[in-house]
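The values are calculated or read from the model by the stated rules, or taken from the named source; none is laboratory data. Small disclaimer: the values here were computed from a predicted structure and weren't measured. Virtual Cβ from ideal backbone geometry, glycine too; neighbours counted across all protein chains shown.
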Amino acid sequence: MLPLVLSLMAVSADEPDRSAWQDYKVDVRVPIARSSERYPLSDQANKGGWVRYDPMWDEFTGAALDTAKWHPTNPDWKGRQPAAFLPSNVRLSEGKLHLTMRREEPPEPLRAEGYHTFSSAAVKSTGTVLYGYFECKARAMRSHGSSAFWFYRAEQDQWTEIDVFEIGGGAPEHKRRLYMTVHVFHTPAVKKHFQIGGIFEAPWDLADDYHVYGLEWSKEEIRFYLDGHLVRRGPNTHWHQPLHMNFDSETMPDWFSLPREEDLPSTFSIEYVRAWKRADQPSAAGKEERR
């Protein structure tokens, strides 16, 4: 996520009613059987009428990142200090995308801007998307560096964000916590930033293994899933802007604290990311852009 407040509390009178958001205490250890790779894990019968959306579907089986779909860094942001995003920390191997955090000095131009000691990684989609179901299978890094799957777009008249997860996989008290947050930085109707966040406490350390994380984003509602189980939902009151998809790792000194030298390098690995659109919502696709 972009570098503003980390508190999960409301900060604006423009914020919608937090009580409308619901968290679910479900036993995610109960497996949901996957009978088809064609549909979201939470909807194997495809009751939602999901159709594969290729621009944001990637199994990461190639020899290199598909630059038609992804930037090998975030072209609009150099990272959360002190760590700087470096494309050299992004690689594909064994059918997975790997984002690595290291203890190393960034190049001089970045040091002059205040980056130091650490490097990290980011990939950002070249295109934007409005509504859909988005699922990744990933393993968080086991350090104080963050592992994140999120959507955002910062425009002059509108800036919104959906954080599917942020995980501090090696940070004490955070290892089992799945942080899910929605932000509005500004819109024509909202002039002050607010955020609404939730936490799901998993029964295991999230860096121990790969898990399936899902976002169902419609005009009416936003839903978050872990291993096919619905863990959080709320009304979609503000998130109607086409957004870029992102995976990244950041230093979070005021939240997870800085990584320990003995824990680095550490790697956030993504086995796949899959995307679907509803067959009955073709109008949403017309609003998407690429750059």
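Miscellaneous remarks
- Single residue of segment 17-43 satisfying the filter (in a loop (DSSP other than H, G, I, E, B) and of a type in the set (A, V, I, L, M, F, W, C)) that is farthest from Glu59 (Cα to Cα): Trp21
- Residues of segment 185-240 that turn out to be of a type in the set (A, V, I, L, M, F, W, C) and under 27 Å from Trp50 (Cα atoms), as a count: 10
- Of the set (1) surrounded by fewer than 16 Cβ atoms within 10 Å (Cβ to Cβ); (2) farther than 29 Å from Ala20 by Cβ; (3) aliphatic (A, V, I, L, M), all apply to Ala207 but (1).
- Look at (1) in contact with a strand residue (DSSP E or B) (Cβ under 7 Å, 6 or more places away or on another chain); (2) farther than 23 Å from Glu220 by Cα and you find that Pro31 fails only one, number (1).
- Matching residues, segment 206-236, being in contact (Cβ under 8 Å) with a residue 40 or more places away in the chain and more than 18 Å from Cys136 (Cβ to Cβ): Ser218, Lys219, Arg233, Gly234, Pro235
- Looking only at segment 193-210, residues that are out of contact with any Lys or Arg (no Cβ under 7 Å at 6 or more places or on another chain) and within 26 Å of His144 (Cα to Cα) come to 4 in all.
- Screening Gly170 against (1) of a type in the set (Gly, Ala, Ser); (2) farther than 19 Å from Asn74 by Cα; (3) in a strand (DSSP E or B) leaves a single unmet condition, (3).
- When segment 251-266 is filtered for residues that are of a type in the set (S, T, N, Q) and buried (at least 22 other Cβ atoms within 10 Å of the Cβ), the ones remaining, listed by number, are Thr251, Ser266.
- Breaking point among (1) farther than 29 Å from Ser143 by Cα; (2) modelled with pLDDT of 95 or more; (3) out of contact with any strand residue (DSSP E or B) (no Cβ under 8 Å at 6 or more places or on another chain), for Ala189: (2)
- Residue within segment 218-227 that is more than 23 Å from Trp77 (Cα to Cα), touching an Asp or Glu at 6+ places or on another chain (Cβ under 9 Å) and hydroxyl-bearing (Ser, Thr, Tyr) present: yes
- Taking strands (runs of 3 or more DSSP E) as the structural unit, those lying wholly within segment 57-160 and holding at least 3 residues that are touching a Lys or Arg at 6+ places or on another chain (Cβ under 9 Å) correspond to 96-103, 118-120, 122-129, 132-139.
- Residue list for segment 126-178, filter: among the polar types (S, T, N, Q) and surrounded by 24 or more Cβ atoms within 10 Å (Cβ to Cβ): Ser143, Ser146, Ser147
- Tally of residues being touching a Pro at 6+ places or on another chain (Cβ under 7 Å), in a strand (DSSP E or B) and at pLDDT below 95 across segment 236-291: 0
- Neighbours by Cβ (under 7 Å, 6+ apart or cross-chain): first from segment 125-140, closer than 21 Å to Val90 by Cα; second among the small types (Gly, Ala, Ser) and not in a strand (DSSP E or B): Thr126/Ala68; Arg139/Ala207; Ala140/Gly169; Ala140/Ala207
- Against the criterion of being farther than 21 Å from Tyr24 by Cα and touching a residue at least 40 places away in the same chain (Cβ under 8 Å), Thr181 does not qualify.
- Boolean, Asp163 is touching a Ser or Thr at 6+ places or on another chain (Cβ under 8 Å), of a type in the set (Asp, Glu), in a strand (DSSP E or B) and farther than 17 Å from Pro253 by Cβ: yes
- Ala189 being outside any strand (DSSP E or B) and surrounded by fewer than 18 Cβ atoms within 10 Å (Cβ to Cβ): yes
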